[in-house]
Each structure stands twice: as C-alpha cells, then as structure tokens.
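Data block below; observations after.
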Amino acid sequence: MKFFEEFKKFISRGNVMDMAVGVVMGTAYTKIVNSLVANIITPVISLVTGRVNVASLAVKINDTLSITYGAFLQSIIDFLLIAASVFIMIKVMNRLKDTFAMPHEPEPEKEPKLSDEAALLTEIRDMLKDKERQE
C-alpha cells in the first residue's frame, strides 16, 4: 500500500503536472509548426527551388550512390522555423504578462552609503550638537 501512496504523492506534485501540461501543449504546438511549414513555407520555397518537396533534393554520384542534401535542408528549415516561432511566442507571452501583471509596490529607497569624509563630518556635527546641549 505504501507504493501507491508514494505514487499518488508523486503524481499530484506540481512539477509532474506542469510537465504533463508542457508535453500536451508541445504536441499541439508541433502540429501548428508542421502545418506552417507544410502549407505556407514549403510552397514559398518551391517557388525558389522549382520543387514542391525540398527534402527530395539530391545529387546523384553514380547509379547506386546519391547525396540527399534536401533532407538536411528541410531539417534546418524546420529547426529555424520552430526556433523563430518559439521566440515569437515567448515575446508575446512576456508582453502579455507585463501588460496584465499586478503592479508591485516599489521597494523603499535605501540610504546612500556615505563616503569616509562625509561619515567623519557627520560624526563631528553630531558631537558638536551634543556639546551645545550640555552647555
């Protein structure tokens, strides 16, 4: 029974739930990025290259050997698009967070640290005031 109690405690912890939400959101976000690449970016690239599928680009060395550099180019394009979209998403989220954030109270200002000369003059002033009071 102890195993199930520990498992329940592990599952209900915030970190596990946050991770689960992140995985689900990441999967959904991957679908959006894949659609962006397949339906918008790839047709634009096909105008430049003359081919619809960049991944099929290859250089034939001989009858049995070819270098499929298109798959590598497609991986680079996918990476750059994912990185750019994540960057844009984070910028938008930060802007929204700043816009809707609760204003926080400013910290009280700290007294500036006096230089050695200023501290010495302050001490002399205080001593003179004390001397005047005693007279």
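Could you check the range 79-88 and list, in sequence order, the residues that are open to solvent by 80 Å² or more (accessible area, probe 1.4 Å) and farther than 13 Å from Val37 by Cα? Break it down into steps so the answer makes sense when it comes.
Step one: of the range 79-88, the residues open to solvent by 80 Å² or more (accessible area, probe 1.4 Å) are 79-80, 87-88.
Residues satisfying the conditions are Phe87, Ile88.
When you go through (1) surrounded by 10 or more Cβ atoms within 10 Å (Cβ to Cβ); (2) at pLDDT below 80; (3) not polar (S, T, N, Q) one by one for Tyr29, which number turns out not to apply?
(2)
Is there a residue being open to solvent by 90 Å² or more (accessible area, probe 1.4 Å) and in a helix (DSSP H, G or I) anywhere in the range 103-116?
From the range 103-116, those open to solvent by 90 Å² or more (accessible area, probe 1.4 Å) are 103-114, 116; that's our starting set.
From the residues that got through so far, the ones that are in a helix (DSSP H, G or I) too are 116.
There is at least one residue in the range 103-116 that is open to solvent by 90 Å² or more (accessible area, probe 1.4 Å) and in a helix (DSSP H, G or I).
Among the residues of the range 38-53, which ones are open to solvent by less than 60 Å² (accessible area, probe 1.4 Å), modelled with pLDDT under 75 and of a type in the set (A, V, I, L, M, F, W, C)?
Ile45
Kindly establish whether Leu96 is of a type outside the set (Asp, Glu), in contact with a Leu (Cβ under 7 Å, 6 or more places away or on another chain) and assigned to a helix (DSSP H, G or I). I'd like the intermediate steps shown before the answer.
Details: of a type outside the set (Asp, Glu): yes; in contact with a Leu (Cβ under 7 Å, 6 or more places away or on another chain): no; assigned to a helix (DSSP H, G or I): yes.
The answer is no for Leu96.
The values are calculated or read from the model by the stated rules, or taken from the named source; none is laboratory data. Quick caveat: nothing in here was measured; it's all calculated off a predicted structure. In this analysis, Cβ positions are derived from the backbone assuming ideal geometry, glycine residues included, and neighbour counts consider all displayed protein chains. Just so you know, the surface numbers come from the protein's heavy atoms only, side chains and all, with ligands and any DNA or RNA stripped out. Shrake-Rupley method; radii C 1.70, N 1.55, O 1.52, S 1.80 Å.
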